[in-house]
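The values are calculated or read from the model by the stated rules, or taken from the named source; none is laboratory data. This structure is a prediction, so every number in the text was calculated from the model and none was measured. For neighbour counting, all protein chains shown are included, and Cβ atoms are generated from backbone atoms with ideal geometry for every residue, glycine included. Protein only, heavy atoms only, side chains kept; ligands, DNA and RNA dropped before computing areas. Shrake-Rupley method; radii C 1.70, N 1.55, O 1.52, S 1.80 Å.
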Amino acid sequence: MPTRAEIKAWRSLHRGRGRRETGCFLAEGRRLVGEMLEWPGRTVAVLHADAAGDEPELEALLARAVTLGVRTEAVPEATIQTLADAATPQPVLAIGEVPAYGWDDVADGAIVLLDGVQDPGNVGTLVRTALALEAAAVVGVGETADPWGPKALRASAGASFRGPVFRTDTRDAVERLAGRRIPIWVAAADAPPLAEPPAGPVALALGSEAHGVSPSLRAAAARVVSVPLARGVESLNVASAGAILLDRLRTGRPLG
C-alpha cells in the first residue's frame, strides 16, 4: 500500500514544480499505462482501484506490469480519485520517471519547435501529430506547457513514449540547430503560404495563437510560412496549422 508521503508526492505531479522536484510524471488510463509498459523508460508504479482488478483488460495490463517487475498496487477508489487529474478518472494510473531526452537522441529529420504554446491539450496533440508524421523530435522552448503534464500526456495518446520530447531554452535550440545546419521555418498567419518543400530537414517553429513565436526565434528563422486560408478566416488552431504544415513538409506537396 502506498504511504502517505508517496501519495502526497504523486499528487504533486499535477504541477510542474512537483514533476521537477521528483523527476516523475503521472499517466492515467488503460491506454497510457499500456503504452508506458512498452516504452524503454522506467515505470515506478502502477496503481489500480480494488474493485476493478478483475476486469479482463485491466488484468492483462497488471499481469504485464508484474512480468516486467513493476510495482503494482491495489488501492481504494478514493486514492485513485485523489491522484487522478481527469474529471472522470479511469481505475488505473501509473507513475513514471521523466525521460532524460536531449539533442543526442534526435535523429535526422524534421524537428518541431513549440514556442510559448501554453495550452497542454495543444502541446499533447502536436506531440502526437509530429511523431505520427515522422518528426525526429518535439522540443519545447519559452513558456510552452510541459509535455509531461497529465493533460498533455492524455492529448498525446501515448505518443510521448515513442520519441524524443523535451524542453530547452531558445538560445540552446537555435545554436544546436545551427550546428546541425537545420534551418528554422517559422509558422505565422501573416506570412506567405508554404509553396515549395525544403531541400532537407527543417525545424518547424510553432508559437502561441495570440502572440506567435518569440522575436528572438523569428529573427533566427530562415523562412516564415503559413497555411493559405479562405477569405474572412484569420487563423487556425496551432495544432491544426502544425499538422497541415508538417504533412506538406513530409510529402513535398505545396500549399496554395
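Annotations
- Solvent exposure of the chain, expressed per residue, is 48 Å² of accessible area, with all protein chains present and a 1.4 angstrom probe.
- Annotation: peptides 147-160, 97-110, ranked by per-residue average of other Cβ atoms within 10 Å with the highest first, follow the order 147-160, 97-110.
- Cβ charges +1 (Lys, Arg) and -1 (Asp, Glu), total dipole of the chain, debye: 520 debye
- Contact order normalised by residue count of the chain, Cα under 8 Å, 6+ apart, percent: 18 percent
- Under 10 Å, Cβ to Cβ, from Ala45 - net charge with Lys/Arg +1 and Asp/Glu -1: -1
- Here the extension length gained between Ala132 and Ala210 equals 25.5 nm, from 0.36 nm per residue of separation less the Cα-Cα distance.
- Here the label points at Glu175 and Arg15, each 7 Å from Cα along the C-beta direction, are separated by 3.2 nm in the simple model.
- For the stretch 135-254, the relative contact order comes to 24 percent (Cα pairs under 8 Å, sequence separation of at least 6).
- Cα long-axis angle, helix 56-67 against the chain (0 to 90 degrees, to the nearest 10): 90 degrees
- Crossing angle, helix 120-132 versus the chain [Cα axis fit, 0-90 degrees, rounded to tens]: 80 degrees
- 0 to 90° range, to nearest 10: angle between helix 170-179 axis and the chain longest Cα axis: 70 degrees
- The stretch 45-126 - percent of accessible surface contributed by carbon and sulfur, probe 1.4 Å: 49 percent
- Here Glu38 and Asp190 are evaluated by their C-beta separation; at R0 = 35 Å the FRET efficiency comes out at 0.25.
- Positive end of the dipole of the stretch 11-95 (Cβ unit charges, origin at the Cα centre): among Val33, Pro91, Leu13, the Cα lying farthest that way belongs to Leu13.
- Over all pairs of different C-alpha atoms in the chain, the reciprocal of the mean inverse distance, the Kirkwood hydrodynamic radius, equals 19.2 Å.
- Summing charges over neighbours of Arg218, with a neighbour being any other residue whose Cβ is under 13 Å away from its Cβ, gives -1 when K and R count +1 and D and E count -1.
- Computed extension length for Ala219-Thr22: 67.3 nm, one decimal, from 0.36 nm per residue of separation with the Cα-Cα distance subtracted.
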